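Enquirer: What follows is a structure written as structure tokens; I'll ask about it next.
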2 protein chains.
Amino acid sequence: MIFRPATRAELPAVLALLADEEQVVDPASVVVTAAYERAFADIDGDPRNEMLVLVDGELVVGCLQATYIPGLGKGGAERCLIEAVRIRADRRGGGLGRELMRRAVERARERGCGLVQLTSDKRRTEAHRFYASLGFARSHDGFKLPLQPPAPACLASWPG
Amino acid sequence: MIFRPATRAELPAVLALLADEEQVVDPASVVVTAAYERAFADIDGDPRNEMLVLVDGELVVGCLQATYIPGLGKGGAERCLIEAVRIRADRRGGGLGRELMRRAVERARERGCGLVQLTSDKRRTEAHRFYASLGFARSHDGFKLPLQPPAPACLASWPG
């Protein structure tokens, strides 16, 4: 089982994993829009972001995004934020999630991070037990504010 | 009231704000270690990180760190993570926190972010009411795992 940054060729497989809630999504059915291409290139080109995948043979079976954040707390150490944790629907329940997280935490430790942090939807109580079993403390509440893009200037006085 | 990225000259004032829990800490009393120098340079040199300050005249009265995270969710839009929100102890209760957050959200929106997110310690119920009043939904639980650095290789077989 290999754990490493995803390649561009694996982008459809990663998007399929992220779309996969209850059953496997076929990567061939995924539309890779220009926005996703750009977002992947942004992650791939940023030394503080990684889209990490767990690969079994040729198959991408898990993924997560790690962001390494410089900061003035924790004595100046980076913190690692983990997002977009997924295991392929037909490979759940066999310890792959634990393996994925274990390797991500180890990678953050080797990098010198002082902390790993993540948030999980309050309704996902099973995920909460999983993170607690890995040693994470549920010490914080997570707040989100969705944004709408501002209207283009040409619409500012429309309909006038 | 000015809102902009902190300058290197303001680093002691920002560290004083971050150390300031109940009463004002004098920036002149802050020891700016090499680790803090490096962390500030990392933030300042990274196009996806900003240490933002609210400045009244010559006085830094508030700060927060914004991290703009590229990602494959939200149609490929960046999300803005906010950390280290502080208002100077002797300037609280006058709406400056609201002004600081309002400007940070506006900055994220103008940048094209699809979401602003933050976490707050579960014990800080007053802060939770504040974020809710700004439109944030408390939808997630925040998990943290502090890391110890790995032992240096020379100690691997010690005491042997």
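The values are calculated or read from the model by the stated rules, or taken from the named source; none is laboratory data. Worth saying up front: this structure is predicted, and the values here are computed from it rather than measured. Quick reminder, even Gly has a Cβ in these numbers, built from the backbone with ideal geometry, and neighbours come from all protein chains shown. Calculation scope for accessible area: heavy atoms of the full protein, side chains included, ligands and nucleic acids excluded. Shrake-Rupley method; radii C 1.70, N 1.55, O 1.52, S 1.80 Å.
Enquirer: Which value, in debye to the nearest 20, describes the size of the charge dipole of the protein assembly as shown about its Cα centre when Lys and Arg Cβ atoms bear +1, Asp and Glu Cβ atoms bear -1, and nothing else is charged?
Expert: That gives the protein assembly as shown a dipole magnitude of about 700 debye.
Enquirer: On full extension of the chain, what length is gained from B:ILE2 through B:GLU99, given 0.36 nm per residue of separation minus the C-alpha to C-alpha distance?
Expert: Once the chain is fully extended between B:ILE2 and B:GLU99, it gains 33.9 nm.
Enquirer: Taking beta carbons within 10 Å but only from partner chains, what does the mean come to for residues B:63-71?
Expert: The mean count of partner-chain Cβ atoms within 10 Å per residue comes to 6.
Enquirer: Please give the average number of partner chain Cβ atoms lying within 10 Å of the Cβ of each residue in A:132-141, rounded to a whole number.
Expert: Counting other chains' Cβ atoms within 10 Å and averaging over A:132-141 gives 6.
Enquirer: If you don't mind, another one. With +1 on the Cβ of every Lys and Arg and -1 on the Cβ of every Asp and Glu, and nothing else charged, how large is the dipole of segment A:56-124 about its Cα centre, in debye rounded to the nearest 20?
Expert: Using only the charged Cβ atoms, the result is roughly 300 debye.
Enquirer: Counting only helical runs of four or more DSSP H residues, what would the 222 nm mean residue ellipticity of chain A come to if each run contributes -39,500 (n - 2.57) and the total is spread over all its residues?
Expert: Calculated mean residue ellipticity at 222 nm is -8500 deg cm²/dmol.
Enquirer: Sticking with this structure for a sec: Efficiency by 1/(1 + (r/R0)^6): what FRET value for A:ASP44 and B:SER139, r their Cβ-Cβ distance, R0 = 25 Å, to the nearest 0.05?
Expert: For R0 = 25 Å, the calculated efficiency reads 0.30.
Enquirer: Can you check what the net charge comes to around A:LEU17, using other residues whose Cβ is under 12 Å from the Cβ of A:LEU17 (Lys, Arg +1; Asp, Glu -1)?
Expert: Result for the neighbourhood of A:LEU17: -1.
Enquirer: Related question: With unit charges on the beta carbons (Lys and Arg positive, Asp and Glu negative) and the dipole taken about the Cα centre of chain A, which residue among A:GLY95, A:THR7, A:VAL24 sits farthest to the positive side?
Expert: Going by the charge dipole, the pick is A:GLY95.
Enquirer: Direction-averaged shadow area of the convex hull around the Cα atoms of the protein assembly as shown, nm²?
Expert: Mean projected area of the Cα convex hull: 21.1 nm².
Enquirer: Sticking with this structure for a sec: Work out, in µm²/s and without decimals, the Stokes-Einstein translational diffusion coefficient of segment B:4-75 at 37 °C, 0.692 mPa s, Rh from Kirkwood over C-alpha pairs.
Expert: The Stokes-Einstein estimate is 247 µm²/s.
Enquirer: So what is the accessible area of segment A:3-160 per residue, in Å², with the probe set to 1.4 Å?
Expert: Accessible area per residue: 50 Å².
Enquirer: With all protein chains present and a 1.4 Å probe, how do A:ARG102, B:ARG123, B:ARG107 order by accessible area, largest first?
Expert: B:ARG123, A:ARG102, B:ARG107
Enquirer: Using only the Cα atoms of segment A:2-139, build the gyration tensor, take square roots of its eigenvalues as a ≥ b ≥ c, and label the shape rounded, prolate or oblate: rounded if a/c is under 1.5, else prolate if a/b is larger than b/c, else oblate.
Expert: Verdict is oblate for segment A:2-139.
Enquirer: Using the Cα centre as the reference, give the magnitude of the dipole from point charges on the C-beta atoms of chain B (Lys, Arg: +1; Asp, Glu: -1; all else neutral), rounded to the nearest 20 debye.
Expert: Once rounded to the nearest 20, the dipole reads 680 debye.
Enquirer: Let me ask something else about it. Over 25 Å between Cα atoms, which of A:LYS74/B:LYS74; A:LYS144/B:LYS144; B:LYS74/B:LYS122 qualify?
Expert: Where the Cα-Cα span goes over 25 Å, the pairs concerned are A:LYS74/B:LYS74; B:LYS74/B:LYS122.
Enquirer: Just counting partner chain Cβ atoms within 10 Å, what average do the residues of peptide B:111-118 show around their Cβ?
Expert: Mean shielding by partner chains, rounded to a whole number: 5.
Enquirer: Now, a different point. Can you give the accessible area of B:ASP42 in Å² (nearest 10), computed on protein heavy atoms with a 1.4 Å probe?
Expert: Here the accessible area works out near 50 Å².
Enquirer: Please work out the Kirkwood hydrodynamic radius for segment A:50-92, using every pair of different C-alpha atoms, and report it in angstroms with one decimal place.
Expert: Hydrodynamic radius (Kirkwood, Cα pairs) of segment A:50-92 is 11.9 Å.
Enquirer: Taking GluC sites (Glu not before Pro) that fall in a DSSP loop and have at most 14 other Cβ atoms within 10 Å as cut points, what is the longest piece of chain A between them?
Expert: Value returned for the longest uninterrupted segment is A:59-160.
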